[in-house]
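Working notes, structure below.
The values are calculated or read from the model by the stated rules, or taken from the named source; none is laboratory data. Just so we're clear, the structure is a prediction, and the values are computed from it rather than from any experiment. We place every Cβ from the backbone using ideal geometry, glycine too, and count neighbours over all the protein chains shown. Heads up: the accessible areas ignore ligands, DNA and RNA and are worked out on the full protein's heavy atoms, side chains in. Shrake-Rupley method; radii C 1.70, N 1.55, O 1.52, S 1.80 Å.
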Amino acid sequence: MARVETSSSRPYHLVIFGASGFTGQFVVEEVARTASEGPKGTLKWAVAGRSKQKLEKVVEQAAGVLSKPELRTEVDIIVADVEEPDSLAAMCKQAVIVLNCVGPYRFFGEAVVKACVENGAHHIDISGEPQFLEGMQLNYNSQAADKGVYVIGSCGFDSIPADMGVLYTRDQFKGKHIMKCKQSLYTHSNSKNEQGASIHDGTWQSAIYGLADKQKLQSLRRKFNHKPLPTVGSKLKRRGALFFSNEIQQYTLPFMGTDPSVVKRTQRFLAEEQHATPVQYGAYAGIGGIGNVFKLMFAGMIFWFLVKFSFGRNLLIKHPEFFSFGFFTKAGPSRKQMEDSAFQFAFYGEGYTDGADPSQGKPNGKIRTLVRGPEAGYVATPIAMVQAALTMLNESTALPKKGGVYTPGAAFVNTTLVNRLNKHGFQFSVI
């Protein structure tokens with residue numbers, strides 16, 4: 001069972017590391033907004049980062065946005081730097097849970113995980129980088145288990161909606177839990193507004209380095225020496241590189257983010273630790289009409305060429321707006337843009353009803369579910385991250401029996417996280 005109590009030497013339930021970063025500032029606001037949901041109605045928390053001045057500014061901003069002037073005196077500030085291990089250790093010794101918002105994680109994440117594990121703080125991040133996430137599992141799972149520390153990755157838009165959405169779909173299926181998400185169609189819809197939509201370029205950088213290091217990820221995965229997961233009934237058919245989806249009426253591509261990696265790791269954990277039948281899963285992204293297809297093809301060819309070379313990566317990083325047609329920007333979206341944006345996942349599940357024999361034919365039961373929510377990167381992500389932390393603090397007995405490096409689904413499968421998210425702007429539903 002996770003240790004979640006504060007003490008005189010570990011005074012903070014939560015420490016937000018990287019609080020002055022673009023995403024971190026919104027995590028600060030979300031923690032302040034939901035502090036009453038902490039253990040026994042209280043939450044002791046602090047912000048951490050390299051610059052005391054910037055951290056003070058972020059707390060001041062949150063106090064103004066939320067009309068909570070008390071934040072100015074109630075929220076403590078910790079100076080810590082990923083390049084100074086002693087400062088990380090001092091920070092982790094004071095925290096029950098560290099909310100790590102410092103990315104790209106492939107460069108800055110491991111030092112924080114290491115400090116958390118060595119100093120007894122649980123770790124939650126919002127990484128969408130499979131190489132980092134799987135590397136932490138390979139390198140720190142045993143040590144975290146020995147220390148009773150829970151390291152839970154991808155607790156943001158990557159990948160709580162996908163991972164918890166698959167589990168929700170499985171649990172809502174009326175029949176045996178031997179189903180598959182034949183298609184998991186992801187759409188990101190934005191209301192029409194004069195500003196359009198954008199994402200901060202930190203995510204852009206993660207994508208650049210992730211594709212550049214694709215071979216390293218394959219090499220990393222071979223070190224696990226995993227056996228193939230068992231399948232029940234017919235196998236999931238993978239779709240091609242581009243197709244028109246009748247379900248969402250958009251052209252669709254295989255989703256290249258971290259969701260497939262995270263969901264598969266969850267299903268492996270549930271199969272090996274809880275003897276559950278794994279759900280087969282495929283993830284796809286809706287990209288819109290034919291105009292978007294040509295735009296994406298053009299941008300994609302340039303991106304794939306440039307990402308192979310150091311000079312190309314430098315160009316992509318230096319000019320995110322140009323190469324992404326304005327979708328990624330150094331400034332990130334405005335609050336107006338965030339208010340006018342939303343996301344939607346649609347899950348199309350198939351399985352076998354009670355009494356059906358999987359060996360005798362195709363699945364005879366179907367289910368469709370939706371996971372909807374506000375703007376993905378800086379509204380939904382802070383909500384998901386903070387609710388994951390509050391779930392840990394309030395439902396520690398429902399977590400896996402021992403510490404380790406976990407996906408959201410593996411960590412929270414027996415908790416009320418979905419219900420908590422439903423109360424905070426998400427909507428998990430059967431349609």
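Under a 1.4 angstrom probe, counting protein chains only, how are K264, K114, K68 ranked by accessible area, largest first? Provide the component values of the computation, followed by the final result.
Values: K264 120, K114 90, K68 60 Å².
My answer, sorted largest first, is K264, K114, K68.
Name the residue, out of P400, P408, P161, whose mean-square fluctuation peaks in a Gaussian network model built on the chain with Cα pairs under 10 Å.
P400
What residue among G403, G377, G38 has the largest mean-square fluctuation in a Gaussian network model of the chain, using Cα springs under 10 Å?
The residue with the greatest mean-square fluctuation here is G38.
What does a probe at E74 reach in the range 360-400, counting residues whose amide N is under 17 Å from the point 7 Å along Cα→Cβ?
Label zone hits: 390.
Counting each pair of different Cα atoms once, what's the Kirkwood radius of the range 1-126 in Å, rounded to one decimal?
For the range 1-126, the Kirkwood estimate is 14.3 Å.
Apply the Karplus curve 6.51 cos²θ - 1.76 cosθ + 1.60, θ = phi - 60°, to the phi angles in the range 372-380 and return the couplings in whole Hz, x for Gly and Pro.
10, x, x, 2, 6, x, 10, 10, 5
I need the fraction of alpha carbon pairs in the range 331-431 separated by more than 21 Å, rounded to a whole percent. Don't skip to the end; give the middle numbers.
On the way: 2643 of 5050 pairs.
Percent of Cα pairs beyond 21 Å in the range 331-431: 52.
For the range 65-120 and the range 199-254, what is the centre-to-centre distance using only Cα atoms, to the nearest Å?
Taking the Cα centre of the range 199-254 as reference, the centre of the range 65-120 is 31 Å away.
Which value at 222 nm does the chain reach when only helices count, each DSSP H run of 4 or more adding -39,500 (n - 2.57), with the total divided by all residues and rounded to the nearest 500 deg cm²/dmol?
-12500 deg cm²/dmol
How large a share of the accessible area of the chain, in percent, is made up of carbon and sulfur atoms when the probe is 1.4 Å and the other protein chains stay in place?
Of all accessible area on the chain, carbon and sulfur atoms account for 51 percent.
Output wanted: per-residue J couplings in Hz (rounded whole) for the range 83-95, from phi through Karplus 6.51 cos²θ - 1.76 cosθ + 1.60, θ = phi - 60°, x for Gly and Pro.
Couplings: 8, 10, x, 5, 5, 5, 4, 4, 5, 5, 5, 9, 10 Hz.
Please work out the C-alpha center-to-center distance from the range 367-431 to the range 262-304 and express it in whole Å.
Using only Cα atoms to place each centre, the spacing works out to 19 Å.
Give me the accessible area per residue for the chain, probe 1.4 Å, as a whole number in Å².
Values: 19600 Å² over 431 residues.
Per residue, the chain has an accessible area of 45 Å².
If amide hydrogens are placed 1.01 Å from N in the peptide plane, which non-local residues have theirs closer than 5 Å to the one on G404?
A145, V149, Y150, V151
When all protein chains stay in place, what accessible area (Å², nearest 10, 1.4 Å probe) is found for Y378?
Counting only protein heavy atoms, the figure is 10 Å².
Given the pairs K114/K223; K308/K336; K57/K402; K330/K423; K295/K423; K295/K330, which span a C-alpha to C-alpha distance of over 28 angstrom in this model?
Cα-Cα > 28 Å for K308/K336; K57/K402; K330/K423; K295/K423; rest within.
How many angstrom separate the Cα center of the range 345-365 from the Cα center of the range 1-55?
Their Cα centres are 44 Å away from one another.
Running a GNM on the chain with Cα contacts under 10 Å, which residue among K227, K401, K54 ends up with the highest mean-square fluctuation?
So, out of K227, K401, K54, the one fluctuating most is K227.
Before anything else, pin down the relative contact order of the chain: Cα pairs under 8 Å, at least 6 apart, normalised by residue count, whole percent. Provide the component values of the computation, followed by the final result.
Numbers: 851 pairs, mean separation 98.0, N = 431.
Dividing the mean separation by the residue count of the chain yields 23 percent.
In whole Hz, what ³J(HN,Hα) sequence does the range 20-34 give by Karplus (6.51, -1.76, 1.60; θ = phi - 60°), x for Gly and Pro?
Those phi angles translate into 8, x, 4, 6, x, 4, 7, 5, 4, 5, 5, 4, 4, 5, 10 Hz.
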